[in-house]
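Report on one structure; see the data block that follows.
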Amino acid sequence: MDRGPDFALTAGAPVPLVLYPRPSLTRDAALDALTSMGRAHRTVATSGSLSGLRAAALGGLGILPFAASLIPDGLAELDTDLPALPPITFVLMTRSNHVPAATGALIDALRADHPHFAGSPGASL
């Protein structure tokens, strides 16, 4: 989970969360992980945009569950006893074997930014 530069997690206090609204894979993963370990939590901010979530975390309102490989600028990974989030797989699918130019460009951009992605056009990344 990620936090702004001035954020400190208070021991024993509910974990303040900055979350996407439902439905959200990272929201569900964070809530499930905290609930399964019996850790109290509360939602302090919700936004449908990454800019809104980033602003709330940068402002010190709470922590943002996010993939370590995609941490937004200005935020840092939180080093604490909170549970790790499970891996999440994203799949890009097309309707046919033909990959449109825009989809191919997206695949190329994802691979360039995240070389650990696997697959080929028409396969999952």
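A few notes on this one:
- Only listed residue being under 24 Å from Ala13 (Cβ atoms), of a type outside the set (Phe, Trp, Tyr) and not in a loop (DSSP other than H, G, I, E, B), chosen from Gly104, Gly52, Gly60, Gly74: Gly52
- Leading residue by the ranking (least open to solvent (accessible area, probe 1.4 Å)) among those in the stretch 94-104 that are without any contact (Cβ under 8 Å) to a residue 24 or more places away in the chain, closer than 26 Å to Ser24 by Cβ and not charged (D, E, K, R): Thr103
- Only one of the numbered conditions (1) in contact with a Gly (Cβ under 6 Å, 6 or more places away or on another chain); (2) modelled with pLDDT under 85; (3) under 17 Å from Thr10 (Cα atoms) is not met by Asp79, and that is (1).
- One residue from Gly38, Gly62 being within 20 Å of Ala84 (Cβ to Cβ), loosely packed, with under 13 Cβ neighbours inside 10 Å and not hydroxyl-bearing (Ser, Thr, Tyr): Gly38
- Answer residue from the stretch 70-93, given it is within 13 Å of the chain's Cα centre (by Cα), open to solvent by 60 Å² or more (accessible area, probe 1.4 Å) and β-branched (Val, Ile, Thr) and is farthest from Arg42 (Cα to Cα) among those: Thr89
- Boolean, Ala67 is open to solvent by less than 50 Å² (accessible area, probe 1.4 Å), touching an Asp or Glu at 6+ places or on another chain (Cβ under 9 Å), touching a residue at least 12 places away in the same chain (Cβ under 8 Å) and on the phi < 0 side of the Ramachandran plot: no
- Flag if Asp28 is part of a helix (DSSP H, G or I), of a type in the set (Asp, Glu) and open to solvent by 60 Å² or more (accessible area, probe 1.4 Å): yes
The values are calculated or read from the model by the stated rules, or taken from the named source; none is laboratory data. Just so it is clear, the model here is predicted, and its values are computed rather than measured. Every residue, glycine among them, receives a Cβ derived from its backbone with ideal geometry; neighbour counts consider all protein chains shown. With ligands, DNA and RNA removed, areas are computed over all heavy atoms of the protein, side chains included. Shrake-Rupley method; radii C 1.70, N 1.55, O 1.52, S 1.80 Å.
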